[in-house]
Amino acid sequence: MNHGFIKVAADTPEIRVADPIYNADSIISCVKKAAEKKVKLLVLPELCLTGYTCGDLFGQRTLIESASRQLERIKTETRELDIIFALGLPIIKGGKLINAAAVIYKGETLGITGKRNLPNYNEFYEKRNFAEYTAPPVVFKCRQMPEFTFGVEICEDLWVAEPPSAALARGGAEIILNLSASNEMVGKSDYRRNLVAGQSGRLLCGYIYASAGEGESSTDLVFSGHSIIAENGTVLRETKLFENELIATEIDLYRIAYERQKNTVFPPYEDIETIYFDMEPEETELTRYISGTPFVPTDEEGKNRRCEEILLMQSSGLKKRIAHTGAESLVIGISGGLDSCLALLVSVKAIDLSGRSRKDIIAVTMPCFGTTERTRNNAVALCAALGVTLREVNISESVLRHFEDIGHDPDNRNVVYENAQARERTLVLMDIANETGGLVVGTGDLSELALGWATYNGDHISMYGVNAGIPKTLVRHIVRFFADSSENPELKRPLYDILDTPVSPELLPAEDGKISQITEDLVGPYELHDFFLYYAVRWGFSPKKIYRLAVYALSSKYEKALILKWLKNFYRRFFAQQFKRSCLPDGPKVGSVTLSPRGDWRMPSDACRDAWMRELEEI
């Protein structure tokens, strides 16, 4: 339960219709199996203690009393287990039979709730046997971990126009349990999956759905045991139909709490009946999938669709800026690197969308002390394949004259030596833009903005930054997508070689004609930094939690010590370089993380990082 993770599960016990003793044995077995897996919250199906398909046998006292006795036996035989579980059974309340859910913990009934919406159409006729549950909703809350809060709804409650789970979420429930007996039909599993995922997204919650399966009557229906665990719109685990297996994973309660806190349209928690329980926190072993590249979709189809969508957003934003300013040209510095490559591809698409000639794009290559033949040749080949105007301005002499003017020794290859080149390049681009009535297109990406890996008043500045919302890991995938999709071999060749070229600002002289300055050797792997950025900014996670997730997701590629080293570097740079982000050029937001001071990220440039660094020192 540390770092907000709680292990949850859904299971479908094998039952016999109208045999509470047999079913209780099966339920006890499910609970013990889940407890062995360190599950803290388990959901079992609707009416699983009797079977959902008992029909008019629900009117028989023998069945109801047997279910009541077996509930007590279940409580007795699970009282030593540190697991909360919810099971379905019929209960007489106020002289009426209720389709109920009992929440059990350490041999006690924490609470009883019931089904509020009884289907009475098609194959369903629940109003024949049951009365609607009308008591106020209740939320269960852990004293030791206040975010561990849950509420219960039953099957049809989810399918109606106003599900009870909405009131439960407004009452603070971060997890919704659904005990269900949803029969299977062609196409219903897809609808059910979308319904569960959608409700978890709307309510910003975890949702555990357990459905009836093996043993229910097949007189007119079949039940597949389709169980689903979702979190904030994403399905974490689900069973295969008719396999009736236990599924377990971890729900991140801190993540849910942060999203609700940040989301201004999520209402403040309302007063609601709350039942408290005590559960001591303990280490939760992670088993859920956590991507090492959270900005990049894992499936190929999703990745390609995302790349197409992002390219269209970037180019549409630039198209609007062209139209608004009446720009006669687009001016872009092209280095033969990934970022300028993507910016050029976006510029081409924007010009095409505008119905303009690609010759209106002026790509400027500006070789200097660190430029290699490889990157220069790739820049030239890329521009030729795309049909844009290419200009070369060698800035070496200008920079040397500048060194002479300010009294800097060119043999002193310090920050002055490097940044003078970056600022000279920006000066050239701006003046060419003025000369041609153009607009300078920025090339810097989101990862560089996070680390401050840009020269202030150099490549930090442009008239419109098309890559400002794209992290480096995603830049690479978009360029690869463009290369893979192209049918032009003259375009493919430089694109693939650019992808294979080490990321470098090329501000120090080459060694034997090869790049001598590798960015990731200096600031750390962008794969790690994008991971840190995503969880620090998007979810507000603590450094300790980010470190834990990074080790879990990326330890096969990076040693723990290396992850910690670069995480410390990330926080040092992120805090120190905010002044550069406070005056960013305009640029389109394309994902859930952006650092624009006019958009999602407002941070004082002189904020203190000590609290974050102290936490890292404790690891």
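Remarks
- The chymotrypsin sites (Phe, Trp or Tyr not before Pro) of the stretch 422-487 that meet both conditions, a loop assignment by DSSP and at most 15 other Cβ atoms within 10 Å of the site Cβ, are Tyr456.
- Among 47-56, 494-503, the order from most to least packed when residues are scored by Cβ within 10 Å on average: 47-56, 494-503
- Of all lysines in the structure, the ones whose alpha carbon falls short of 18 Å from that of Lys188, not counting any fewer than 8 places away in one chain, are Lys240.
- Contact order relative to length of the chain, as percent, for alpha carbon pairs under 8 angstrom and 6 or more apart: 11
- Accessible solvent surface per residue of the chain, calculated while the other protein chains remain in place, 1.4 angstrom probe, Å²: 42
- Overall form of the stretch 554-607 per C-alpha gyration tensor (a/c, 1.5; a/b vs b/c): oblate
- Among the GluC sites (Glu not before Pro) within the stretch 178-277, those in coil by DSSP and having at most 16 neighbouring Cβ atoms inside 10 Å are Glu214, Glu243, Glu245, Glu270.
- Charging the Cβ of each Asp and Glu at -1 and of each Lys and Arg at +1, and nothing else, the dipole of the chain about its Cα centre rounds to 800 debye.
- Radius of gyration and maximum dimension Dmax of the chain, Cα, Å: 30.2, 101
- Peptide ranges 71-80, 299-308 listed from the most packed, as the mean C-beta count within 10 angstrom indicates: 71-80, 299-308
- Surface share of carbon and sulfur [accessible, 1.4 angstrom probe, percent] for the chain: 48
- Other residues within the sphere of radius under 11 Å centred on the Cβ of His460, judged by their own Cβ, net out at +1 (K and R +1, D and E -1).
- Restricting the stretch 512-562 to GluC sites (Glu not before Pro) that sit in a DSSP loop and have at most 16 other Cβ atoms within 10 Å of their own Cβ leaves Glu559.
- Net dipole in debye of the stretch 1-109 [+1 Lys, Arg Cβ; -1 Asp, Glu Cβ; about Cα centre; nearest 20]: 280
- DSSP bridge pairs, the chain: antiparallel proportion in percent, nearest 5: 50
- Cα centroids of the stretch 110-147 and the stretch 344-397: 65 Å apart.
- The local environment of Glu392, defined by Cβ-Cβ distances under 13 Å, has a net charge of +3 under the rule Lys, Arg +1 and Asp, Glu -1.
- Database remark: amide H of Thr274 closer than 5 angstrom to the amide H of Val139 (H placed geometrically; neighbours at sequence offset of 5 or more, or on other chains; Pro and chain starts carry no H).
- Computed label-point distance, nm, for sites Asp586 and Glu615 using a 7 Å Cα→Cβ extension: 3.6
- Annotation: extensible slack from Asn129 through Glu245 equals 38.8 nm (criterion: 0.36 nm per residue apart, minus Cα-Cα distance).
- The angle between the Cα long axis of helix 338-353 and the longest principal axis of the Cα atoms of the chain comes to about 90 degrees, rounded to the nearest 10.
- Antiparallel bridges, percent of DSSP beta bridges restricted to the stretch 177-306 (to nearest 5): 70
- Calculated on the Cα set of the stretch 468-587, radius of gyration then Dmax: 16.8, 48 Å.
- Considering only Thr436, Ile98, Asn304, the residue lying farthest towards the positive end of the dipole of the chain is Ile98, judged by Cα position with unit charges set on Cβ.
- Take each peptide in 582-590, 205-213, 469-477, count the other Cβ atoms within 10 Å of every residue, and average; sorted highest first, the result is 205-213, 469-477, 582-590.
- When shorter helices are ignored and each DSSP H run of at least 4 residues is given -39500 (n - 2.57), the per-residue value for the chain at 222 nm works out to -12500 deg cm²/dmol.
- Rg ratio (alpha-carbon, reference 2.2 N^0.38 Å) - the stretch 241-360: 1.78
The values are calculated or read from the model by the stated rules, or taken from the named source; none is laboratory data. All values reported here derive from a predicted model rather than from experimental measurement. Note that we place each Cβ from the backbone using ideal geometry, even for glycine, and neighbour counts take in every protein chain shown. In case anyone asks, the SASA skips ligands and DNA or RNA and just uses the protein heavy atoms, side chains included. Shrake-Rupley method; radii C 1.70, N 1.55, O 1.52, S 1.80 Å.
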